[in-house]
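The values are calculated or read from the model by the stated rules, or taken from the named source; none is laboratory data. Since the model is a prediction, treat every value here as computed from it, not as a measurement. All Cβ positions, glycine included, derive from the backbone under ideal geometry; neighbour counts span all protein chains shown. Heads up: the accessible areas ignore ligands, DNA and RNA and are worked out on the full protein's heavy atoms, side chains in. Shrake-Rupley method; radii C 1.70, N 1.55, O 1.52, S 1.80 Å.
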Amino acid sequence: MSPSDAVLRDPGTPRITIDRPADYLHAEHTLRSWFFTTDHKRIALLYLASITGFFVLGAVAAGLIRLSLLVPNGQIFTNDTYNKLFTMHGVIMIWFFLIPSIPATFGNFLIPLMIGAKDLAFPKLNLLSWYIFMGGSLFAVVVLIVGGVDTGWTFYAPFSTTYSNTYVIPALLGVIVVGFSSILTGLNFVVTIHKMRCPGMTWFRMPIFVWTHYAVSLIFLLGTPVITMALILLVMERAFHIGVFDPRLGGDPVLFEHLFWFYSHPAVYIMVLPGMGVITELVAAFSQKRVFGYKFVAYASIGLASITFLVWGHHMFVNGQSQLASTVFSFLSFAVAVPSAVKVYNWTATIHKGAIRLDTPMLYAMGYIGLFVLGGLTGLFLATLAVDAHLHDTYFVVAHFHYIMVGGTMLAFLGGLHYWWPKFTGRMYPEAWGRVGAFLIFIGFNVTFFPQFILGYLGMPRRYHEYPPEFQLLNVLSSAGSTILAVGYLFPMVYLIWSLWFGKRAPANPWQAKGLEWTTTSPPPPHNFLRTPVVDYEPYDYAIKAREVG
Amino acid sequence: MADAAGSVAEPVGLELAEQFSSKDQQREAATLGMWAWLLTELLLFAGLFLCALVLRILYPASVTLATTHLKFWIGATNTAVLICSSFTMSGAIVTSRLGFRRLMLGCMLATAGLGSIFLLLKGFEYYQDYNEHMMPFLNMPYLLEKDTSSRLFVDVYYVTTGLHGLHLITGVSILLWLTWQASQPRFLEFHQNRIEVYGLYWHFIDLIWIIVFPVLYVLNR
Amino acid sequence: MTGPGNHTDYPLLLWPAAASHAATHVDYLISAFTAVTLLLTVPIFIAITYFALVYRAGRKVERGHTSDRNVKIEMSWMLIPFFLTLGFFAWGAQIFDTAKHPPGNAMTIQGIGRQWMWKFEHPGGQAEINDLHVPTGQAIVINMISQDVIHSLYLPAFRVQMETLPGRYTQVWFQADRPGTYRMYCSEYCGTDHSVMNGQIYVMTPGDYEHWLNSAGSSISLAGGGKRLFASYGCTGCHGAASTVRAPSLAGLFGRPVPLASGGTLVTDKNYVRDKILNPDHNLIAGYKQVMPSFNGVIPEDEMIQLMAYIETMQEVQP
Ligand code: HEA
Ligand code: HEA
Ligand code: CUA
Ligand SMILES: [Cu+2]
């Protein structure tokens, strides 16, 4: 018997049968009611569907990359095709999948629920963000697939402005447009968190999930305009030869690297912070225990969001940046590890002496902690000047960021998806299948990406279609791992869709978790709560509490 | 209503949107939202100001040369025009609070008018630049061909003023649309807040120009 | 196994060949860092697994808590790992510092990156493409520039790489101490054939290198070629001793402070001189009327290298 079964029969779960208004899914059924909805929960599901689509496209590109790398001499595709593939993979995965993934879906759905609001502050703006997102991303994706772009996701000048013969401008325009959608989402979250909290919901009663989203929204607001400007300048230079980056037009290519990383390093925290928020919720719920050091974890989120603006130069150690600047950036990158360490150790302490249930979301959470730690510490390797002079632009970097982004954020995303699936859809997912899927993904992931650390240290550069034959063995291993990973991903995709029709009905609070989102029905009514909640207790008010000492 | 001066005060208020629990909450949320948006806009322009300043430090001679070819007096007139428009916009806000709808509509139209004058002058300035061959990105000879670094500054000038112009065009369009809305009966009773929030945006466009003008036209001229 | 000499059978490689003392040093650093990393992480992994098993819901174990937070513990697990790893920051910065400062007696090889090949020129004028021959026991600086996009010269056997930028010189240096054949790559993505913009670096004993230099042959040294170009581009017309145009003498140019018309001074280096030749209107020099024409788009990068080599020798020739 799985623990969730026990929960289902738990007599304590409130069941409202009489006078129950239609939930948000069944309130209306027309297509119009979806595409013109202003309900944050429906918009979240629109995002969920779109980013899942983009993930599949990006993953197919990854599959083709791994297929091609089975052989060293690049017989399967032409060099240009390969270059277009990894650009498509990187651009889609970063800009159209990972950046919006957790904020735009879970954040959208859960922030109002968690702070006891009826909706976000600006529901129409929220819908507009989705349309802007879809407009920009669909346009760019069509360009990436039909025409192809070969600059890599980093768009370095002067290659992107002068030398590439592919459709760089349309792809850039797509990314710029999507940036505006991020800004609007961030704006909506900031205002909502400031102004829409229900009575009694003080700042320090907010779940960590909301804190991390607050931090992320700040990065959206402060970072995105800079990348927008940098990309606009790229477009200008490519279209009108306005010289900013190309030295032949009087510009400076290193300037673009600065502008790009000034945003794109904080962007990695856009990708990781929401995941940390999810993991904190999961760890607390499945340990049935208050988060250890709640305030530290909350401050750590804001701390990360601030220091993150000061370390962009660690991507540029070997491009002629002054030695002093490099040393300072290296030092600050070590400092950025501190708030991350706080989170990891506090999760561990939360598990200590909890009442732990190893349901699928918890398995993902534990996988997350392991892989994030590995990814983060290899980040510190890269932040070490002398080591980066060797490992820059090698597969070691590729392994580093896949450990954090796939091993970290992607697992957090899947864990959160399972955890809140009952709330989203009113259905339970099949637990046994869930656990098998989680194991497959964990194993497949490590087989795929661990060999890439070794490849990188051996000196295999990234973005290499043809590589020296002595690296083949490890590459084959990595490709083999990616097939396991692919099967692993298929699991949730299939059974989650299956559960929409055949899953068990979910009770309001299947995990006996604390948090306002679990006090309303699954799925919630259109305005979230039948009565505006009033909070007079601390967050994570679980049964296992500290004995009051001193 | 028929009163010519429009001095009959109308009820002023706000229609509560369903996601809010009080009108104060709604008002504060709208204002905070606009401030957040303006913050990101400021950062958008900040990148360009930074570029311009860096160029001034790197190539002072070339930049000075290029600035002498900018139309200082058009820029200065435009600054004055925008400052006036900020006054008329403030007028619109004050009158809207008092419920003087006619007067408010007049102020709004005046603001839009001043904004359009700015755009016309700017267009004329571009036209003169074109005649003087000060458009290096076009396929035609460039006046300061010999001075490669002046080109960078001139490019930044076009990107900055172009982006600002784009904001102004959007601003005037929204303003006209808002004026049309406000001319409908009972607008102030339900939507006075919109005038306030829009006013923030207009002042912001104005503020950006007040930074653009010294950074591009005036410094070590 | 050192490098790709034998292309028939490839065992599972786990550690790259190291061809310099500095490379071995980096290896020590990374091994020590890995050990500390394990020290910091293995306890987490063990603890999580252990807690998850021991404290499973339903098991009867003691779950009494003393506190939900403990500032002392939290500060210590924040700061101890930080200070531990800070040692590696310092160690890495120190090696990096050495890597930024070549010794004075280093030999300079000129490099040019372009889509999609490397070209190297030895001081004696010997040029080679996608191959690089260097002697052991001698510090070697590679002074590079790109003719088009950004490339990056990556020599894993020395654990170093450096981007080659268009419009600006960058340097990388190493001192090989183990003869052999090693890989050389372009590691910064640069377009279609990025992945084949690579070659081999042949580390030879000084004797072999001398031998190779002779067999590679070269009619004229870099500086010699530069002297010819200096005349053929008309530089002598203004900068020559017999010139009537008032132009600064280029003798002893490198490392000399130059007073600028805009105030302040500038110490000359390769990037400055290159910029002066291509954009003479930049950094106007105090006391001269700027009449020098721009050679932008006229002098290709390899000729620029020769000119530069010649201007460098002018220090000794003239008083
Ligand atoms: C979600 C995304 C994400 C995240 C969170 C991070 C986090 C970090 N990254 Fe990473 N990084 C990327 C995504 C990410 N990175 C990407 C995509 C690239 C490549 C871009 C490209 O070129 O295409 C990249 C590249 C990259 C480079 C450049 C490599 C190169 O190209 O040469 C560097 C160098 O410093 C770096 C460092 C770091 C560091 C120090 C962290 C730190 O924040 C990590 C902090 C976490 C921990 C340290 C682990 C947990 C802590 C403990 C277990 C406690 C004990 C430890 C201590 C206190 C020391 N990253
Ligand atoms: C969210 C971000 C994200 C995610 C989820 C992934 C997921 C994966 N990535 Fe990703 N990757 C990036 C972000 C991401 N990546 C970025 C930013 C880059 C840098 C791009 C650049 O350089 O510009 C990159 C680059 C990159 C490279 C380096 C390419 C190069 O430098 O030449 C590789 C190589 O192995 C790779 C592999 C994978 C794999 C195997 C997965 C797996 O997780 C995906 C697994 C899924 C499948 C495999 C399903 C598809 C299945 C099929 C299509 C059937 C056929 C399959 C096989 C034959 C195996 N990625
Ligand atoms: Cu040259 Cu990559
Ligand atoms: Cu970074």
Quick test of the membrane-span-like rule: which DSSP H helices of chain B reach at least 15 Å along their long axis (C-alpha atoms) with mean Kyte hydropathy at least -0.5?
B:23-58, B:72-98, B:101-131, B:148-182, B:187-212
Rounded to whole Å, give me the distance from the Cα center of region A:177-204 to that of region A:247-262.
33
5 Å is the cut-off here: which amide hydrogens, built 1.01 Å from N in the peptide plane, fall below it relative to A:G243, excluding neighbours closer than 5 in sequence?
none
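Heavy atoms only, probe 1.4 angstrom, no DNA, RNA or ligands counted: give me C:K270, A:K295 ranked by accessible area, highest first. Spell out each step's value before the answer.
Values: C:K270 35, A:K295 80 Å².
Ranking C:K270, A:K295 by accessible area, largest first, yields A:K295, C:K270.
222 nm [θ] for chain C, helices only, -39500 (n - 2.57) per DSSP H run of 4+, per residue, to 500?
Per the formula, -12000 deg cm²/dmol.
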Tell me the Kirkwood hydrodynamic radius of region A:102-230 in angstroms, computed as one over the mean inverse distance between distinct C-alpha pairs.
16.1
Cα-based helix-to-principal-axis angle, C:222-232 vs chain C, degrees rounded to 10:
50
For all pairs of alpha-carbon atoms in chain A, what percent lies in each bin of width 20 Å, listed from the first bin to the last filled one?
21, 57, 21, 1
Residues B:D24 and B:E189, FRET efficiency given R0 of 22 Å [Cβ-Cβ distance, rounded to 0.05]:
0.80
Could you run the Debye sum over the Cα atoms of chain C, one equal point scatterer each and no solvent, and tell me log10 of I(q)/I(0) at q = 0.10, 0.12, 0.16 Å⁻¹, two decimals?
-0.74, -0.94, -1.37
Using Cα-only point scatterers and the Debye equation, what is log10 of I(q)/I(0) for region A:401-550 at each q in 0.20 Å⁻¹, rounded to two decimals?
-1.19
Hey, could you pull the Cα Rg and Dmax for region C:149-208, both in Å?
12.8, 39
Per DSSP H run of n ≥ 4, the term is -39500 (n - 2.57); total these for chain B, divide by its residue number, and report the mean residue ellipticity at 222 nm rounded to 500 deg cm²/dmol.
-26500 deg cm²/dmol
On C-alpha positions alone, give me the angle between the axis of helix C:21-54 and the longest principal axis of chain C, in degrees, nearest 10.
30
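With each run of n ≥ 4 DSSP H residues scored as -39500 (n - 2.57), what mean residue ellipticity at 222 nm is computed for chain A after dividing by its residue count and rounding to the nearest 500 deg cm²/dmol?
Numbers: 18 runs with 337 residues, N = 550.
Rounded to the nearest 500, the figure is -21000 deg cm²/dmol.
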As I understand it, the value is the acute angle between the Cα axis of helix C:301-317 and the longest principal axis of the Cα atoms of chain C; what does it come to in degrees, rounded to 10?
70
Of B:R102, A:R238, B:R27, which has the most accessible area with a 1.4 Å probe, and how do the rest follow in descending order?
B:R102, B:R27, A:R238
Residue of B:S22, B:S90, B:S150 that the Gaussian network model of chain B assigns the largest fluctuation, springs spanning Cα pairs under 10 Å:
B:S22
Expressed in angstrom, Rg and Dmax over the Cα atoms of the protein assembly as shown are 32.1, 107
Along the Cα→Cβ direction, 7 angstrom out, place labels at B:Q181 and C:N70. What is the inter-label distance in nm?
5.8
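Which whole number gives the average count of other chain Cβ atoms within 10 Å of the Cβ atoms across peptide B:152-164? Display every interim value, and only then the final one.
Working: counts 7, 1, 1, 11, 3, 0, 3, 7, 0, 0, 1, 2, 0.
Counting other chains' Cβ atoms within 10 Å and averaging over B:152-164 gives 3.
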By the Kirkwood definition, with r running over pairs of different Cα atoms, region C:151-257 has a hydrodynamic radius in Å of 17.9
Using the Kyte-Doolittle scale, which helices in chain A average at least 0.5 and also have C-alpha atoms spread 15 Å or more along the helix axis, with helices defined as whole DSSP H runs?
A:40-68, A:123-142, A:168-195, A:208-240, A:253-287, A:294-307, A:323-351, A:360-383, A:431-458, A:472-502
Take the alpha-carbon centre of region A:108-155, take the same for region B:157-221, and report the distance between them in whole Å.
26
Gap in Å between the Cα centre of region A:383-398 and the Cα centre of region B:89-136?
54
